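The values are calculated or read from the model by the stated rules, or taken from the named source; none is laboratory data. Values in this document were obtained by computation on a predicted structure and should not be read as measured data. Cβ sites come from the backbone with ideal geometry, for glycine too, and all protein chains shown count toward neighbours. The area values use the complete protein model at the heavy-atom level, side chains included, leaving out ligands, DNA and RNA. Shrake-Rupley method; radii C 1.70, N 1.55, O 1.52, S 1.80 Å.
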Amino acid sequence: MLGCKKHKKMEELLLDTALEQISPELLNKMDAYWRAANYLSVGQIYLYDNAMLREKLLLSHVKPIVVGHWGTTPGQNFIYVHLNRVIKKFDLNMFYISGPGHGGPALVANTYLEGSYSEVYPNISQDEEGMKKLFTQFSFPGGISSHVAPSTPGSIHEGGELGYSLSHAFGAVFDNPDLIVACIVGDGEAETGPLATAWHSNKFLNPITDGAVLPILHLNGYKISNPTLLARITHEELEQFFKGCGWTPYFVEGDDPEKMHLEMALATEKAVTDIRSFQAHARATSDNSRPRWPMIVLRSPKGWTGPKVVDGLQNEGTFRSHQVPILVDEKHPQNVVLLENWMKSYRAEELFDKEGRLIPELADLAPKGSRRMGSSPHTNGGLLLEDLIMPDFRNFALDVPSPGSIQGQDTMVLAKFLTEVISLNKNNFRVFGPDETLSNLLGAIFQVSNRQWDAGMQDNDEFLSPSGRILDAQLSEHQCEGWLEGYLLTGRHGIFNSYEAFIRIVDSMFSQHAKWLKVTRELPWRRNIASLNYLLASHVWQQDHNGFTHQDPGFLDHVISKKADVVRVYLPPDANCLLSVFDHCLRSKQYVNVVVAGKHALPQWLNMQEAETHCTEGIGIWQWASNDQDSEPDVIMASCGDTVTLELLAAVSILREHLPELKVRVVNVVDLMKMQSSSEHPHGLSEVDYDSIFTKDKHIIFNFHGYPWLVHRISYRRANRNLHVRGYKEEGTITTPFDLRVQNEIDRFHLVIDVIDRVPNLGSKGAYLKQQLKDKLIEHKHYVNRYGKDMPEILEWKWNIKV
């Protein structure tokens, strides 16, 4: 029901589009299928035994702890059966994303009914014994999650954390021209920031080369204990909102199943017809202008078909149906009868045969083979994954005749490599970012691709086109992350480039993806997907011009808290190392790779052969900078990161000039996880290897890109307790690059003072040098405050110690 005289009723819509009338017989069968899905959903939430209710329901048949979410489930079951119908009629390549993924019973029930679930899990057979196992395992120790988890066939989106369904859906259809993703958006989820901005994803969809997303807003009125905003605004305001976002909304509203089935059948048919018409026109005429894509607003009661009243309070159609609508436990044994009556209202004996199998005339409603949404290969993206065609990264190397002899801008060098990657992989590789690609000095990639953009354009715009391999024109880290995750999960490759400080915006999205990867590693039927690759540029030490707000390296701390077999963190010291690292990351699978790289001109240390060896090892002694080859070192000078490596080597040059008798070993770390024990991380050094590099007792002055306690945290098991880490310590403002380093004491002068304070027996030479450096720090402060730039000796410093 459209609910407003100004709006066309679905019956009128039928006439407008010349759709065939849906037969009452088919609608009755669909209603029966819906009842079967609802029955299975309630059984999953509550039952431990007596799956077909062949005997009187007892408290012993109910799980001792009942956990689940009923409120969204019947609406999602309703949607699923209607999508099945249009899939069969139009032979659609479609799958289902459940934004309110806490309605896990719905997806499990429907994939079980269509047969996908039992194919993946043969022990959960399509009979009464399998049904019992299906019920028992749900939200039960040793069983399955209550959400649409990675263990659910047909899922690429768990929905435990709300807000990302629509972004995932669009990511899935990029470069998938025949795919339609039906994305169910919960009206609670619709209030989140990421989902609210994701409605604008339609401005980035190319109707020729991309597939389509069919959003279905499930407007059931309530969250956990509050009403939802979109359910409490007028019909006119709601329609105008979606039209303003560029959608054509079709409304299906009510609570009478008979009428709702007819209206939903017509709405889904109209939406699919629109999508196919738009795509056919665009592809026949090469007209890639943006259509007003269809969407459906389904307004139905929360907890539809569930208990009307429980304990004297309305349940169906209220927030009280959100989770478990009836408490059935030792404290509420009287409610067993209510549960039994509820389940019997679905008349399971009409739906399943005596063996507990769905009767054939209902089973025939589901699509077959890979057209079943639970069996779509797109939802197990590793099945479709093809390796990237990779250029030889060595061809893009900087010529470094000797350490520090030239300067280079690392991300500019990487951009030339990525340009070739894009050129060689025109259908399965994309670059994502929140309008920071040019700022991160990756602009070379615009030589081979535009930004994909299907909104208005003006003559003075740059690099905008309805077709492009770069999605960086929406300033939303959430969108970039969601699009990329959807792209990866459906079997493609990509990278996300961002300012380091603002990648923190997607901390929790990263967490959810890392958890997904962790779980899928334990599922043999899930195939490996391409790694999620972050390039964090414009980093903490290169934000002196933007100031304190742009200085935050804390994403690294967050990342390493995840499972060791999922996360990798790389901090290449120069451009050639960055090339080697990124080649490795783009070839990898089933990881989250975080690469931190600078864009400003810095000294380049290694030629390509040296860089490749160094990055393969992940950590190493830089012999050309050390002077302890013939004796034990007096001090270990270590670094991890580009800017901190520059300052460390400048400190080493001071030490070797003024304290030539001091034996210094220089160590550089590219792979941060090398610092962790091999017992904790697969990349970690063994205790023997760690001690051979860092010794068991010498002082280690470690200059680190991020927060210093991170290195202490991952290396706490090591024998050498003389580890002294310097890093970012929340000191910053708009200042000069070197002054930012001084404020955080990662600069060369503080490092040398630290060595003098810790290494014994340096005598008066050490004392006089320390005083000179303290004086130099004062001189520096006066200079930058007067001239607004760093001292010439800082800007012009070069490594000049001959190897």
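Structure data summary
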{"read-out": "Rg in Å to one decimal, and Dmax rounded to a whole Å, for segment 737-789 via C-alpha atoms", "value": "12.3, 39"}
{"read-out": "Cα-only Debye scattering, segment 229-386: base-10 log of I(q)/I(0) at q = 0.16, 0.21 Å⁻¹", "value": "-1.23, -1.32"}
{"read-out": "Whole-Hz couplings from phi, Karplus 6.51/-1.76/1.60, listed for segment 239-253; x for Gly and Pro", "value": "5, 5, 4, 6, 5, x, 8, x, 9, 10, x, 10, 9, 10, 9"}
{"read-out": "Electrostatic dipole magnitude of segment 102-225 [Cβ: Lys, Arg +1; Asp, Glu -1; Cα centre; debye, to 20]", "value": "220"}
{"read-out": "For segment 402-428 and segment 601-635, distance of Cα centres in Å", "value": "22"}
{"read-out": "Rounded percent of accessible protein surface that carbon and sulfur make up, segment 648-803, 1.4 Å probe", "value": "49"}
{"read-out": "Trypsin sites (Lys or Arg not before Pro) restricted to segment 685-764 and DSSP loop, no more than 14 other C-beta within 10 Å", "value": "696, 717, 721, 729"}
{"read-out": "Reference-scaled alpha-carbon Rg (2.2 N^0.38 Å with N residues) for segment 94-252", "value": "1.14"}
{"read-out": "Sorted peptide list for 267-275, 634-642, criterion being average Cβ within 10 angstrom, highest first", "value": "634-642, 267-275"}
{"read-out": "Loop-located GluC sites (Glu not before Pro) in segment 754-803 whose Cβ has at most 10 other Cβ within 10 Å (DSSP)", "value": "796"}
{"read-out": "Taking segment 564-688 and dividing mean pair separation by its residue count, relative contact order in percent (alpha carbons under 8 Å, at least six apart)", "value": "32"}
{"read-out": "Read-out Kirkwood radius over Cα pairs in Å, derived from the coordinates shown; its label in [x] 29.0; [y] 46.1; [z] 30.0", "value": "[x]"}
{"read-out": "Dipole magnitude of segment 206-288, debye to nearest 20 (Cβ charges: Lys/Arg +1, Asp/Glu -1, about Cα centre)", "value": "280"}
{"read-out": "Segment 287-303-segment 756-784 distance, computed between alpha-carbon centres (Å)", "value": "68"}
{"read-out": "Calculated [θ] (222 nm, deg cm²/dmol) that DSSP helices of n ≥ 4 give over the chain, each run adding -39,500 (n - 2.57)", "value": "-11000 deg cm²/dmol"}
{"read-out": "Value of relative contact order over the chain, rounded to a whole percent, pairs C-alpha under 8 Å and six or more apart", "value": "11"}
{"read-out": "Cleavage-rule hits (GluC sites (Glu not before Pro)) in segment 373-469: DSSP loop, at most 10 neighbouring Cβ within 10 angstrom", "value": "462"}
{"read-out": "Reachable lysines, given that their alpha-carbon falls under 29 Å from the alpha-carbon of residue 781 and they are not under 8 places away in the same chain", "value": "599, 729, 765, 770, 789, 798"}
{"read-out": "Simple Cβ-charge dipole of segment 620-739, Lys/Arg +1 and Asp/Glu -1, about Cα centre, in debye nearest 20", "value": "320"}
{"read-out": "Relative contact order of segment 419-576, pairs being alpha-carbon contacts under 8 Å that are 6 or more residues apart, as %", "value": "22"}
{"read-out": "Separation in nanometres of the label points that stand 7 Å from Cα toward Cβ, at residue 771 and residue 709", "value": "3.8"}
{"read-out": "Per residue solvent-accessible surface (Å²) - the chain, probe of 1.4 Å", "value": "37"}
{"read-out": "Summed side-chain charge close to residue 658 - residues other than residue 658 whose Cβ falls under 13 Å, Lys, Arg +1, Asp, Glu -1", "value": "+3"}
{"read-out": "Charge sum, other residues only, whose C-beta stays under 10 Å from residue 687's C-beta, Lys/Arg counted +1 and Asp/Glu -1", "value": "+1"}
{"read-out": "Prolate/oblate/rounded call for segment 579-700, Cα gyration tensor, a/c under 1.5 rounded", "value": "oblate"}
{"read-out": "Whole-angstrom gap from segment 565-594 to segment 226-275, using each part's C-alpha centre", "value": "45"}
{"read-out": "Lysines whose Cα lies under 22 Å from that of residue 243, excluding same-chain neighbours fewer than 8 positions away", "value": "5, 6, 8, 9, 203, 270"}
